[in-house]
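The structure appears right after this line, and notes come after that.
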Amino acid sequence: MSFFWSSWITILSLGCWLFIFGVLVWTLRSKPVLEEDETTGHSYDGIREYDKPLPKWWLVIFFGTLIWGLGYFILFPAIQPNAWKGVTTVEVDGQQVPWTSANELNSQLQANNRVFTENFEQNILANAGASEATVVLAKLNELQASRQPGEDDPALQTQINDQIKLLAPYVDKLAADPEAQKIGNRLFLQNCALCHGSNAKGATGYPDLTDNDWLYGGDAEQVLLTIHNGRVGAMEAWQPKIGEAGVKATAEYVLSISGNQNGYELDPAKVAQGKAIFENPQNCALCHGADAKGQIAMGAPNLTDDIWLFGGDRATIETTIRHGRAGVMPEWQTKLGNERVMLLAAYVRSLSQNQAQ
């Protein structure tokens, strides 16, 4: 906190306390001149004004609040917060640190997380027959704790990803456990439904998680990695490279090989032209493959089915090719932790498995 804001808080805190204290003392010491009948001499519509002392119970409460205010100044950083941190502390990361609202929030979150983790290991995993996952989780937590904030260490990230993959068999066990699915559902509604919808059916630009069409793979390993690390997908704008005629021709070819071509009258000449553009190794085939089946390693979608992220009509396909697309899914490990990510992955897996059945 800057010196200005620290001083501003100090002036407001002490100023308000001193003002209230001064007003109270002045009121108690101020004695107006009274008449013989102990009135002030003021009369309003026949009602005479007395000068009676304030009730003692009221004074006790008032002075009590002032004393409490002084205690607050000692306990918390209300006076020159830049220098005086107060005597109150909270536990964060196993250490006692001065109280701040942020530290108190972190302390409460960590305490809640300890309770959740204990329940997860002793009950949820045990009931699903996946207790062995605790060994992998311990190693994963150790690796993640060794990473410095902002550090970009590819070797360490590879080790972390390897540990994440080892959790896959236990995620499948959780996906078959009804209680784990209930918890996963609540986590999904709280965190994922904003983009994917409460029914996980997705929306334009947000994938449907209930089918078996996956950009980066739908096995437990890939679902875990996706939720843990997030994904960044981008398709470049092709109009500057292939021109507007090329955009329309390529869209016509994509429409011809997709699963939603029924109802469209295709232009054979454009289809042939678009096919040549698409299959050029430096163009669409580089990511989507010569067969247009896509590549999971790159997150490039299959263009031969009838599942579309942004829409599969002719105009939308042209827009996608013309201007490109971009999508980002944030990483969730930092916010949720490894245990909740496992439950989320299990829930998502259960959705796609149910759909397959």
Which residues, taken from the stretch 146-160, are open to solvent by 60 Å² or more (accessible area, probe 1.4 Å), under 16 Å from Gln333 (Cα atoms) and modelled with pLDDT of 90 or more? Ser146, Thr158, Gln159
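A quick yes/no check of all residues on (1) in the same structural domain as Arg349 (by the TED database); (2) in contact (Cβ under 8 Å) with a residue 40 or more places away in the chain; (3) closer than 29 Å to Glu331 by Cα:
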| position | (1), (2), (3) |
| --- | --- |
| Ile227 | yes, yes, yes |
| Ala251 | no, yes, no |
| Ala269 | no, no, no |
| Glu279 | no, no, no |
| Gly289 | no, no, yes |
| Ile296 | no, yes, yes |
| Leu303 | no, yes, yes |
Checked Asn103, Asn119 against criteria (part of a helix (DSSP H, G or I), in contact (Cβ under 8 Å) with a residue 12 or more places away in the chain and open to solvent by less than 70 Å² (accessible area, probe 1.4 Å)); the one match is Asn103
Under 34 Å from the mean Cα position of the chain (by Cα), buried (at least 18 other Cβ atoms within 10 Å of the Cβ) and β-branched (Val, Ile, Thr): does that describe Ile296? no
Please verify whether the stretch 89-97 includes one or more residues that are assigned to a loop (DSSP other than H, G, I, E, B), in contact (Cβ under 8 Å) with a residue 12 or more places away in the chain and open to solvent by less than 80 Å² (accessible area, probe 1.4 Å). no
Which condition does Asn283 not pass, out of (1) modelled with pLDDT of 95 or more; (2) under 30 Å from Lys165 (Cβ atoms); (3) not in a helix (DSSP H, G or I); (4) not β-branched (Val, Ile, Thr), if it passes all the others? (2)
Quick one: in the stretch 186-213, which of the residues that are open to solvent by 60 Å² or more (accessible area, probe 1.4 Å) and under 18 Å from Gly294 (Cα atoms) is modelled with the lowest pLDDT? Asn212
State whether the residues of the stretch 238-254 include one that is open to solvent by less than 20 Å² (accessible area, probe 1.4 Å), among the acidic types (Asp, Glu) and in a helix (DSSP H, G or I). yes
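The values are calculated or read from the model by the stated rules, or taken from the named source; none is laboratory data. Every value quoted in this text rests on a predicted model; they were computed, and no experiment measured them. Every residue, glycine as well, gets a Cβ built from its backbone with ideal geometry; the counts of neighbours run over all protein chains shown. To get the accessible areas, we keep the full protein, side chains included, count just its heavy atoms, and leave off ligands, DNA and RNA. Shrake-Rupley method; radii C 1.70, N 1.55, O 1.52, S 1.80 Å.
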